[in-house]
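This report refers to the structure that appears directly beneath it.
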Amino acid sequence: MKRIAFFCIPAHGHTNPMLPVAAELVKRGNHVRFYSFNAFEDKIRAAGAEYISCDAYLPELTEQAESGLKKVSSTEMSIQDIRITLSMDSFLDEEFKTFRPDVVFTDSVCFWGKLNAWKHHVPMVVSTSTFAFNQLSSQYMKNSLKEMADLILGLPRVSKELKKLEPCGYHVNGFLSLIQSGNQTDSIVYTSRHFQPFAESFSDHYAFVGPSVFSDAVPDKTKERPLVYISMGTVINDRPDFYSKCIEAFRDQNLDVIISCGNAIDRSALGTLSDNIQVYPYVNQLEILSKADVFITHCGMNSVSESLYMETPMVLYPQTNEQKAVARRAAEIGAGIVLKDDSADGIRSAVLEILNNSAFRKAAKACSKDFRSCSGPAGAAEFIENAPHSSDGIDVVAELNKANGRFQFIYWCTVIAAVTLTRFLIGWKYAWITGVAAGILSNPIGRAVQKRNYASIIRRIR
């Protein structure tokens, strides 16, 4: 039997996939102590884990902080994570001394879990609730100007907070070390290698276990007419405007609609519903998806995984950077289409396109088969029990960085030579133009060379 400490941020999308893993570990005779928050207490106890409340350590939020968290600001979330870590410092020091965990299993963005594993020298396994991201797979995320501004302008504030960690014994090698996992970090990812972008670039320290769900249900699409399920998740779900458009799109259509809108919306604000439309605060999503023919989704990783697990193609309506990455991958495998026109006519057209084209359903079914062949919570539990892990394979990212470094050196040496030659043969005016052109072209040329180098490395290791 092992003593395993679980840590997670107060978010359903991050906590839910950890619960089946906790239940499996308990079933195998391990002692799981789950440090979480009161909103998740019943679920954690139902999984058989020991629940430890951390609500007392949540800081009071200013209006600015609360607004930033609602907008999923990376700066605000990072600052609050650091402050929670400091607030929990003495408490967790005592917990690690008395519980003496053999392994820490922590959400990838739960700073207090990661930092205390490092501080107390306990083997750590990271729970990755979305795709595993590195310099390759992060290409699937395209930051908006607003998100870029938030990251750049917020960095001084985050750096100031990070300095407060050092006196408490938390040694941080820069902000990126807190939010990224390298190829030497034991990590569990709740998807398959096939669905993970650039899966070959991740070492054996990564276990791609497939969706982590509490369900033995199998898809059953037999019914009189199509069922459309709509949900915007549990974070950015205060969208009465979008739900109203969906209601208008499907009013009196020959199909049934179920909308799960959370508690943030007053049901009466959506007006009178036609007989084929039902609205609930919450539903058993897996049960609904097992019957649904189309899922209109915000593209959270859990929702997309559950949809594909139940063979349900999707209309993809991402709201955040990570959700856009998930949407892009789901569209790539042919299991959904991105909603570009969110008017009532656009929503109706997207749903009808999926209903009338069996290719979407076939792609979702193929992905379901792939997901169900993964090791699931049992594989995750075994991986955690056997941590820390080692890997004898080639570190693809390290090899790629070496190749990219060589290219950059050769490229800029060539540029300097070209600028110098132009200066002597034609003049400074044209030398300046040559330098600017080289700078503009360096990014697309670098990406093309990186793609070629990556393909070469993958061929070599196969």
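The values are calculated or read from the model by the stated rules, or taken from the named source; none is laboratory data. Keep in mind the model is a prediction, meaning the values are calculated, not measured. All Cβ positions, even for glycine, are placed from backbone atoms using ideal geometry, and neighbour counts span all protein chains on display. We work out accessible area using only protein heavy atoms, side chains counted, and drop any ligands, DNA or RNA first. Shrake-Rupley method; radii C 1.70, N 1.55, O 1.52, S 1.80 Å.
Once you order the gyration tensor axes a ≥ b ≥ c over the Cα atoms, which shape class does segment 160-276 get: rounded for a/c under 1.5, otherwise prolate or oblate by comparing a/b with b/c? Kindly include the intermediate steps, with their values, before the conclusion.
Values: a/c = 3.72, a/b = 1.75, b/c = 2.12.
Oblate shape, in that a/c is at least 1.5 and b/c is the bigger or equal ratio.
Treat each spin label as a single point 7 Å out from the Cα along the C-beta direction, and report the residue 58 to residue 357 distance in nm.
Between residue 58 and residue 357, the label points sit 4.2 nm apart.
How big is segment 250-389 by Rg and Dmax over its Cα atoms, in Å?
Rg, Dmax (Cα atoms, Å): 16.8, 57.
Going by average Cβ density within 10 Å per residue, which order do the peptides 205-212, 247-254 take, highest to lowest?
The most tightly packed comes first, giving 205-212, 247-254.
Please give the calculated 222 nm ellipticity per residue for the chain, where each DSSP H segment of at least 4 residues contributes -39500 (n - 2.57) and the sum is spread over every residue; nearest 500 deg cm²/dmol?
My calculation for the chain gives -15500 deg cm²/dmol from helical runs alone.
Averaged over every viewing direction, what's the projected area of the C-alpha convex hull for the chain? Give it in nm², one decimal, please.
Values: hull surface 104.6 nm².
Dividing the Cα hull surface by four gives the mean projection, 26.1 nm².
Among 273-283, 21-31, how do they line up from the highest to the lowest mean number of other beta-carbon atoms within 10 Å?
On the way: 273-283: 13.8, 21-31: 19.8.
Highest-to-lowest ranking by the protection proxy: 21-31, 273-283.
Less than 18 Å apart at the alpha-carbon level, and either on another chain or at least 8 residues along: which aspartates and glutamates does that give for residue 163?
Those aspartates and glutamates meeting the cut-off are 76, 81, 89.
Identify all lysines with a Cα-Cα distance to residue 402 below 17 Å; exclude those on the same chain that are fewer than 8 residues away in sequence.
Straight-line reach from residue 402, under 17 Å: 451.
Could I have the simple spin-label model distance between residue 273 and residue 2, label points 7 Å from Cα toward Cβ, reported in nm to one decimal?
4.5 nm
So which lysines can residue 340 reach, going by Cα to Cα under 25 Å and dropping same-chain residues fewer than 8 places off?
Straight-distance partners of residue 340: 70, 71, 142, 146, 245, 324, 362, 365.
When the label point is put 7 Å from the Cα of residue 386 along its Cα-to-beta-carbon vector, which residues of segment 202-229 have a backbone N closer than 17 Å?
Taking a point 7 Å out along Cα→Cβ of residue 386, the residues of segment 202-229 whose backbone N falls under 17 Å are 203-210.
Putting +1 on Lys and Arg Cβ atoms and -1 on Asp and Glu Cβ atoms, find which of 211, 292, 432 reaches farthest to the positive end of the dipole of the chain.
Towards the positive end, the residue furthest out is 432.
For the chain, which whole percent of the accessible surface, found with a 1.4 angstrom probe, sits on carbon and sulfur atoms? Present the calculation step by step, with values, prior to reporting the outcome.
Values: 12050 of 22240 Å².
Taking all protein chains in place, the chain shows 54 percent carbon and sulfur surface.
Taking every eigenvalue of the Cα gyration tensor of segment 311-380, multiplying by 5 and rooting it, what semi-axes result, largest first, whole Å?
Semi-axes (√(5λ), whole Å): 25, 16, 8.
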